[in-house]
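To start, the structure itself, in structure tokens.
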Amino acid sequence: MELKNILSGIEGLKAKGNLSLDIKGISNDSREIKPGDLFIAVQGYEIDGHKFVDKAIENGATAILMQEDMIKEIINKIPENVALITAKDTREATAICACNFYDNPSRKMQLIGVTGTKGKTTTTFMIKAILEKQGIKTGLIGTIATYIGDKKIEDSDRTTPDSIHLQSYFAKMVEAGCKACVMEVSSQGLKLHRVDGCDFNIGIFTNFSEDHISEKEHPDMEDYFNSKVKLFKMCEYGFINIDDINTIKVPNLAPNCIIKTYGIDNECDLLAKDITITNSYADFKVKINGKNERIKIDIPGRFSVYNSLAAILVAEKLGCSIENIKSALETVKVPGRSELVDNKLGLTIMIDYAHSPESLESILQAVKSYTRGRVISVFGCGGDRDNAKRPIMGAISGKIANYTIITSDNPRTENPEAIVKEIEEGIRKTNAKYECIVDRTEAIKKAIKMANKNDIIVLAGKGHETYQEINHEKHHYDEREIIQEIIEKMTDKTDKIDNA
């Protein structure tokens with residue numbers, strides 16, 4: 001594609017060199033650059049792409065797009081035969097370039113964006129399940145992985161990919177025959193322009209609570225909320241949770257978006273009634289097309305009802321039958337979301353991605369409502385993230401769980417012992433029964449050893465993740481495997497004693 005066509009629509013550009021160049025590819029990673037590519041220099045929180053312009057040229061870049069305020073530092077590195085373009089904001093420019101280069105693939109399918117503090121992943125999986133039951137081939141992009149139909153393309157390292165990878169995924173989906181794509185849209189993805197240029201048909205706002213407040217994310221809750229609202233300024237239709245005091249502000253902030261509401265406690269367009277929640281499912285009554293229908297979901301918890309309502313609104317909008325809606329919701333499974341792990345001991349062990357105060361409170365209250373025995377909570381908090389939530393989460397677990405084991409969870413560059421102590425500050429105020437075991441495997445082992453068949457163990461925080469992140473390195477760590485290994489050793493010892 002000609003360089004000038006890739007740059008089309010970017011305001012305030014300044015250029016030097018041949019804009020009729022045939023560009024083979026685009027990237028903001030100098031290591032990925034091949035001969036004939038456009039390199040876009042982006043200034044990140046930790047890495048400044050402008051420092052790698054010479055490496056990109058060495059690898060064959062024939063055009064460089066950079067921040068205009070960096071021109072003095074870079075211009076002497078640019079050979080005469082390399083086109084140089086400057087923009088006021090290369091993050092925004094990257095998104096537009098990506099849309100142009102991949103021929104705006106989001107315009108060629110129904111694009112559904114899901115934002116909110118929690119519930120995004122489960123809601124996207126529910127929507128995908130219903131649409132595919134209806135015969136609509138659907139792509140999915142989110143926290144767990146990227147899928148095209150039933151094929152997983154790759155695991156995710158962030159909720160919303162950077163704009164170049166995002167548009168390339170859309171293009172692959174269109175090529176594979178997808179008629180729809182449902183994606184998680186993070187506040188960071190919106191704030192950092194990763195989804196600029198995307199043609200969203202429908203946006204969903206699941207809920208809003210404190211999370212992602214840090215130097216590298218959002219400075220305050222106002223910035224966090226306003227970032228999420230951007231989605232509805234890009235959508236034709238918006239579906240929002242009316243029971244959340246924050247999401248109901250959206251209609252006034254995005255007046256051009258046609259809004260429908262769903263909920264449990266307040267009158268709305270799609271209201272759930274007669275709710276039943278057990279340790280293995282939830283069901284409820286809802287009026288669809290003027291008729292009361294009973295919906296069952298094999299994911300327990302009140303939050304599952306909310307997620308289902310959002311998915312139903314999307315399904316209705318896209319013409320799905322009630323039979324396909326009910327069938328898909330009853331069978332949908334989401335890795336790491338209220339996921340029960342089968343085991344030889346017959347214990348109830350649940351893995352959940354809860355890693356914010358609201359999500360931890362939600363999952364613990366949900367299981368407490370139907371568990372006959374004790375709720376044993378095992379959790380930690382990630383390093384290099386909002387540390388204000390650590391004592392809050394400690395207090396939440398102390399108030400709800402019967403026993404809490406505070407442990408490590410992706411300490412990143414922080415000292416895990418220090419993170420555990422910050423969590424402990426909160427739980428101390430509750431007079432709860434707890435202990436601190438920094439080694440996560442040992443913490444899980446302790447929970448399993450102390451549990452009986454009436455109890456439930458909630459391993460919160462990691463969910464679908466299969467790693468522990470320590471000092472910028474991801475070490476393999478799959479809690480499902482850890483559970484099985486611990487129980488294998490325990491039962492092996494028992495067998496040896498019995499056979500002695």
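Read-outs throughout are calculated quantities, based only on the coordinates presented, and are distinct from any laboratory measurement. Predicted model, so just to flag it, every value in this text is computed and none were measured. When we count neighbours, we look across all protein chains shown, and the Cβ atoms used for this are built from the backbone with ideal geometry, even at glycine.
Counting other beta carbons within 10 Å of each Cβ, put Tyr281, Tyr434 in order, fewest first. Display every interim value, and only then the final one.
On the way: Tyr281 15, Tyr434 19.
So the ranking, lowest neighbour count to highest, is Tyr281, Tyr434.
Sorted from largest down, what three extents in whole angstroms do the Cα atoms of segment 3-100 have along their principal axes?
28, 25, 23
For segment 104-331, taking Cα atoms only, what is the radius of gyration to one decimal and the Dmax to the nearest whole Å?
16.5, 49
Going by C-beta contacts inside 10 Å, put Ser227, Ser20, Ser377 in order with the fewest on the left. Mind dumping the intermediate values first?
On the way: Ser227 21, Ser20 10, Ser377 31.
By the 10 Å Cβ count, ascending, the order reads Ser20, Ser227, Ser377.
Just the Kirkwood number for the chain, please: inverse of mean 1/r across all distinct Cα pairs, in Å, one decimal.
On the way: mean 1/r = 0.0411 Å⁻¹.
It works out to 24.3 Å.
Based on Cα positions only, what radius of gyration and what Dmax would you give for segment 391-438, in angstroms?
In order Rg, Dmax, the Cα atoms of segment 391-438 give 10.2, 31 Å.
Hey, how many Å between the Cα centroid of segment 85-127 and the Cα centroid of segment 345-378?
33
Could you work out the mean projected area of the convex hull around the alpha carbons of segment 347-446, in square nanometres to one decimal? Numbers along the way, then the final one.
On the way: hull surface 23.2 nm².
Seen from a random direction, the Cα hull of segment 347-446 projects 5.8 nm² on average.
In Å, what Kirkwood hydrodynamic radius results for segment 200-327 from the alpha-carbon pair distances?
On the way: mean 1/r = 0.0641 Å⁻¹.
One decimal place: 15.6 Å for the Kirkwood radius.
Express the C-alpha Rg of segment 367-420 as a ratio against the empirical globular expectation 2.2 N^0.38 Å, rounded to two decimals.
Expressed relative to 2.2 N^0.38 Å, the Cα Rg reads 1.24.
A 19 angstrom limit on the alpha carbon distance is what I want to check against. Which of Lys249/Lys399; Lys51/Lys77; Lys172/Lys317; Lys449/Lys489; Lys4/Lys191 exceed it? Let's see the in-between values first.
Numbers: Lys249/Lys399 31 Å; Lys51/Lys77 10 Å; Lys172/Lys317 25 Å; Lys449/Lys489 12 Å; Lys4/Lys191 26 Å.
Going by Cα-Cα distance, Lys249/Lys399; Lys172/Lys317; Lys4/Lys191 fall outside the 19 Å limit.
Which residues' amide hydrogens lie under 5 Å from the amide hydrogen of Tyr434, considering only partners 5 or more residues apart or on another chain, with H built in the peptide plane?
Hits under the 5 Å cutoff: Thr404.
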